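The values are calculated or read from the model by the stated rules, or taken from the named source; none is laboratory data. Keep in mind that this is a model prediction, so the values were computed, not measured. A quick note on method: Cβ atoms are made from the backbone with ideal geometry, for glycine too, and the neighbour counts reach across all protein chains shown.
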């Protein structure tokens, strides 16, 4: 075993990892990266098929982002945002506001305008900020004395205590139930396993052949109506737009987001959009126009003309280089925290590295790259190639559903596609497939029995073909018996 692997196993504790299993085999130790490729201590190369846990946008060691960080290092690496401002964070705030407001041909489609940015460190803290702001805003404006929040079944919004309270993944959160405040859950639009979907399994995305009457929305309406009858309407409706990530890449059918958020607004709830995973172009182009740059929007909400009151971003904000996050909100929310010093209306929340200059410099370079014609064309092309390559996987009897939204795909493994019968988690089906993919030079990580494919935007056609091919071969190896 390599000495670095020994040090890792001796001293480190990895997130979301069964450490007893971790100690049974030598871990892959990454030492460098270039573009879509990663290299380990033995010189072996791997395709980064999940963008280093959904963060990397333009590939590793990108010269433009490297240059931006190096240039900022010559000035200053960090100074406090508590009582001080700085250059790159101020410029980044302007750029984020410009990109986060939905531009519609119908100017009255949404009166909400995001114009204030609160910086933090990661997706969990971005959601924690949104939660605290929404909670206190509801109290200060008289909307609710004891604000309550509604989120979706299977929701995951981070690991800080407030963010965990918004989540509904029992496997992750049950152990901490004693620490959490109560939030409500609504039915998620999980077409493949929806009890209201009367369609028999087909070899296609379940959203395409579903037979239902939008019962998921009816269930959501019941939640809002019930809370309203209790004279305490929800302060906020929390959601990941278009696709729920850690829930198992649960892709929403077209139109669900628009209808759900219209419903929430009708009941007076603020919209809290978790775009930690989906932001910065990850959800791709419009399905009816994958040939035009005009079909691309940086944020998933805007694909259904939804403008939230709170927008949480992280992961891809710096192109996957540095931990940085932001929570965007409205002037109305900001104003609720204004007052004379002795009123103590200050937002008492902050982080040591808030508005860090290196992160802001990387994020500015990232936004420039995203707007470039080369990146736009590349994302449109990669989405099409990815869709075509994933189609070949339907021949495998252990694939029940393939859900793709832009440059995100979840491939759900089942014991038999005709019955949708799942593997028990104890069988480690997803993990075993990903281990077999790693042996073929492709790295990704499953969510239970769902294999995640989320490549960097610089992935070539040949590399995408290899990703899909390695998944196919891995399934044959794992399920051959």
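Given the options 10, 18, name the one that is loosely packed, with under 13 Cβ neighbours inside 10 Å and over 28 Å from the mean Cα position of the chain (by Cα).
Step by step, each of 10, 18 is checked, and only 10 is loosely packed, with under 13 Cβ neighbours inside 10 Å and over 28 Å from the mean Cα position of the chain (by Cα).
Name the pairs: first residue in region 58-78 and at negative phi, second residue part of a loop (DSSP other than H, G, I, E, B), Cβ to Cβ under 6 Å, at least 6 apart or on different chains?
Final answer for the pair search is 58/319; 58/457; 58/458; 65/319; 65/321; 78/356.
In region 335-346, is there at least one residue being in contact with a helix residue (DSSP H, G or I) (Cβ under 9 Å, 6 or more places away or on another chain) and at pLDDT below 95?
Checking region 335-346: at least one residue is in contact with a helix residue (DSSP H, G or I) (Cβ under 9 Å, 6 or more places away or on another chain) and at pLDDT below 95.
Just one of the numbered conditions (1) out of contact with any strand residue (DSSP E or B) (no Cβ under 6 Å at 6 or more places or on another chain); (2) touching a residue at least 24 places away in the same chain (Cβ under 8 Å); (3) over 24 Å from residue 16 (Cα atoms); (4) in a helix (DSSP H, G or I) is not true of residue 459; which one?
Only one criterion in (1) out of contact with any strand residue (DSSP E or B) (no Cβ under 6 Å at 6 or more places or on another chain); (2) touching a residue at least 24 places away in the same chain (Cβ under 8 Å); (3) over 24 Å from residue 16 (Cα atoms); (4) in a helix (DSSP H, G or I) is unmet by residue 459, namely (4).
Just one of (1) under 21 Å from the mean Cα position of the chain (by Cα); (2) under 30 Å from residue 234 (Cβ atoms); (3) in a loop (DSSP other than H, G, I, E, B) trips up residue 58, so point out which.
(2)
Would you mind finding the one in 475, 464 that is assigned to a helix (DSSP H, G or I), in contact with a helix residue (DSSP H, G or I) (Cβ under 8 Å, 6 or more places away or on another chain), closer than 12 Å to residue 47 by Cα and in contact (Cβ under 8 Å) with a residue 12 or more places away in the chain?
Working: 475 fails: closer than 12 Å to residue 47 by Cα.
Unique residue meeting the criteria: 464.
So which residues in region 72-94 are surrounded by fewer than 18 Cβ atoms within 10 Å (Cβ to Cβ) and part of a helix (DSSP H, G or I)?
Once the filter is applied, which keeps residues that are surrounded by fewer than 18 Cβ atoms within 10 Å (Cβ to Cβ) and part of a helix (DSSP H, G or I), region 72-94 yields 73, 87, 90, 91, 94.
Quick grid of which residues meet (1) surrounded by fewer than 18 Cβ atoms within 10 Å (Cβ to Cβ); (2) assigned to a loop (DSSP other than H, G, I, E, B); (3) assigned by TED's automatic domain parsing to the domain that holds residue 91:
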residue: 124; (1), (2), (3): no, no, yes
residue: 127; (1), (2), (3): no, no, yes
residue: 131; (1), (2), (3): no, no, yes
residue: 135; (1), (2), (3): no, no, yes
residue: 139; (1), (2), (3): yes, no, yes
residue: 156; (1), (2), (3): no, yes, yes
residue: 174; (1), (2), (3): yes, no, yes
residue: 177; (1), (2), (3): yes, no, yes
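Looking at this structure, is residue 382 assigned to a helix (DSSP H, G or I), crowded, with 22+ Cβ neighbours inside 10 Å and either without any contact (Cβ under 8 Å) to a residue 12 or more places away in the chain or not assigned by TED's automatic domain parsing to the domain that holds residue 97 (or both)?
Numbers: assigned to a helix (DSSP H, G or I): yes; crowded, with 22+ Cβ neighbours inside 10 Å: yes; either without any contact (Cβ under 8 Å) to a residue 12 or more places away in the chain or not assigned by TED's automatic domain parsing to the domain that holds residue 97 (or both): yes.
When the stated conditions are applied, residue 382 passes them.
One residue is enough: does region 296-308 have a residue meeting the conditions touching a strand residue (DSSP E or B) at 6+ places or on another chain (Cβ under 9 Å), within 30 Å of residue 139 (Cβ to Cβ) and not in a loop (DSSP other than H, G, I, E, B)?
There is at least one residue in region 296-308 that is touching a strand residue (DSSP E or B) at 6+ places or on another chain (Cβ under 9 Å), within 30 Å of residue 139 (Cβ to Cβ) and not in a loop (DSSP other than H, G, I, E, B).
Report the residue count in region 186-236 for those that are closer than 25 Å to residue 144 by Cβ and assigned to a helix (DSSP H, G or I).
Residues that pass the stated criteria total 13.
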